[in-house]
Amino acid sequence: MPSFKRLAALSACIAPVLGISVTTSTSSYTIDTAATYGFKVAISRSTCDITSLNFYNTEYQYSSTYSHIASGLGSATVSYTTSGDYVIVKCVADNDSFDLTHYMVFADKSSSIYMGTYTVSEPSIGELRYIFRLTGLTEAYPNGNASYTAGGTAIEASDVYTVGSQTRSKFYSSDRFIDDDVYCATTTDASIHACWVRPNNQATEKSSGGPFFRDIDLNYGGSYHSVTYYMNSNHAQTESYRQGFHGPYVFSMSRSGIPKTSDYDVSFFDNLGLTGYTGASGRGHVKGTASGVSSSFPIVVHWYNADYQGWVYASSSGAFTSPALVAGTYTQALYQDEFLAATTTVTVAAAATATANIAATAAALVDSRTKVFQLGDYDGQPTGFLNADKQLRMHPSDSRMSSWSPGSVASTAASSFPMAIFTDVNNGQKITFTLSSAISSAATLRIATTLAYAGGRPQATVNSYSCAAPSAPTAVDSRGVTRGAYRGRGNVYTCAIPSGTLVSGSNTVTITVISGSSGSAYLSPNVIFDAIELYY
């Protein structure tokens, strides 16, 4: 096989590797993968920006602003090498804003870019993303026009808009990492797809936030479509950022529909010698059985430590095998959908499989009790509450939303009780129920929440009894419900109700959100509900 040669700065020639080739000029490297439909990518030799993206004889790169890490590295040392059928572009940035090495790997005959980003420290901008800015691709998969903001008017900060009668935001394109394997910008006739693909667990093992974290995927703003791969951000972030090798993650151009993760084998990364990358030889597995959670909900097992994370859906019987995890000691967490059921510790050894069963210990799932009523399920989401079916893809002010102030709601009508209470919008919501006889024993009111904003937390009154004010939750420093987010730290609040409080006939629970902070409308302190239960 002919070898590549380093060319003089002012020369330009083509060095072939099978069908793939690299053209070097004073300003850029242009990789032509010789793919069936044609795939040529130009990369700036001074900044690492992608300045041209040509597929099927059409230019898709927005010419005014390029594609890159964050909003651009500014300057970088850019080089390329070859390994078998692959061309590896390496960009090293070490300046006041970045300390990282970014890799773009091109495969012979492929119309994909395999990426990996090795970080020594968090970029000064406070988030880590790769963003493509593409023209000619106005549609979005899988969430349609929820993030189509072209022609809109900003109604909150510079990221929530009204377009016609609907609210739209780039945040409304997000899906849970555990489910967000493929997302794409497409042409109107869906003949061309430009997609991010997470081929396996390694794509997110250095991300932060766990299996249910969401972040911006897509946004068509008129001039171009932002097709973004987030590794971390401050968008309802609940844990510290991880540094090291992020990836591989894959950008794919396709004329054959939506790609599948199974289409991508990234095991060849083991042999590329990339900084910070841990291959199969440094990984092991965990297997076991999860119990004590309902098979009516997805069963999720999650492994995490300060350096890595991973997750998997268990079978309906609770059986699970982890993805390939880098050797080390992990917290192993069990969830009933997104509701934390238990944690334990497990050690993973390279080239070995550990056995670690896990059983639910959360009181809401395992304690014996008599329920007076329960609104919602312990699933870590506001599912079933009023507007929960809309909140992911629209602002609370959207005309498609039901009224946030239904007033008194029967204890059997979760779908009529708002998924969130805002201090400036609908505080003091009531739940009413009737007892055929008084309850002589003490009782407990449990309020499970998913996310709080501006120190919001629920304080309840049961008939004439007022529960003590809870202390403020640990802050999640980000707007939540207005950005389509609902997941935070999952606080659970309980209130002991004295005997004699629950009487024969009509009873009322009133829930008020309290906070030491203030705000207006949907940016006032608020709480999102998971479940509300009264029991004894």
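The values are calculated or read from the model by the stated rules, or taken from the named source; none is laboratory data. As the structure is a prediction and not an experimental result, all values here were calculated from the model. Counting neighbours? That spans all protein chains shown, and the Cβs are built from the backbone with ideal geometry, glycine included. Calculation scope for accessible area: heavy atoms of the full protein, side chains included, ligands and nucleic acids excluded. Shrake-Rupley method; radii C 1.70, N 1.55, O 1.52, S 1.80 Å.
Tabulated values for the structure
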read-out: Top positive-direction residue, dipole computed over the chain with Cβ charges, set Ala306, Thr228, Leu435; value: Leu435
read-out: Calculated P(r) tail over 29 Å for region 59-210, as whole % of Cα pairs; value: 25
read-out: Counting DSSP beta bridges with both ends in region 310-431, the antiparallel % (nearest 5); value: 75
read-out: Residues whose placed amide H lies under 5 Å from that of Ala140, excluding near-sequence neighbours; value: Thr186
read-out: Positive-end extreme of charge dipole, the chain - chosen from Met115, Gly376, Ala350 (charges on Cβ); value: Gly376
read-out: Nearest-10 value in Å² for the accessible area of Asp179, using the 1.4 Å probe; value: 80
read-out: Value of relative contact order over the chain, rounded to a whole percent, pairs C-alpha under 8 Å and six or more apart; value: 10
read-out: Measure of compaction for region 433-536 (Cα Rg per 2.2 N^0.38 Å); value: 1.18
read-out: Stokes-Einstein D for the chain, Kirkwood Rh over Cα pairs, 10 °C, 1.306 mPa s (µm²/s); value: 63
read-out: Region 131-277 - share of DSSP beta bridges that are antiparallel (%, nearest 5); value: 95
read-out: Within the chain: Cβ-based charge dipole about Cα centre, in debye rounded to nearest 20 (Lys, Arg +1; Asp, Glu -1); value: 220
read-out: Radius of gyration and maximum dimension Dmax of region 98-148, Cα, Å; value: 15.0, 37
read-out: Cα-centred dipole magnitude for region 41-137, charges only on beta-carbon of K, R (+1) and D, E (-1), debye, nearest 20; value: 240
read-out: List Tyr536, Tyr453, Tyr172, ordered by accessible area with a 1.4 Å probe, largest first; value: Tyr536, Tyr453, Tyr172
read-out: Distance between region 106-152 and region 482-497 - C-alpha centres, whole angstrom; value: 31
read-out: Set Lys170/Lys260; Lys40/Lys170; Lys40/Lys90; Lys260/Lys390; Lys90/Lys206 screened for pairs whose C-alpha atoms are more than 26 Å apart; value: Lys40/Lys170; Lys260/Lys390
read-out: Computed [θ] at 222 nm, deg cm²/dmol, the chain (DSSP H ≥ 4; -39,500 (n - 2.57); rounded to nearest 500); value: 0 deg cm²/dmol
read-out: Percent of beta bridges antiparallel (DSSP, the chain, rounded to nearest 5); value: 95
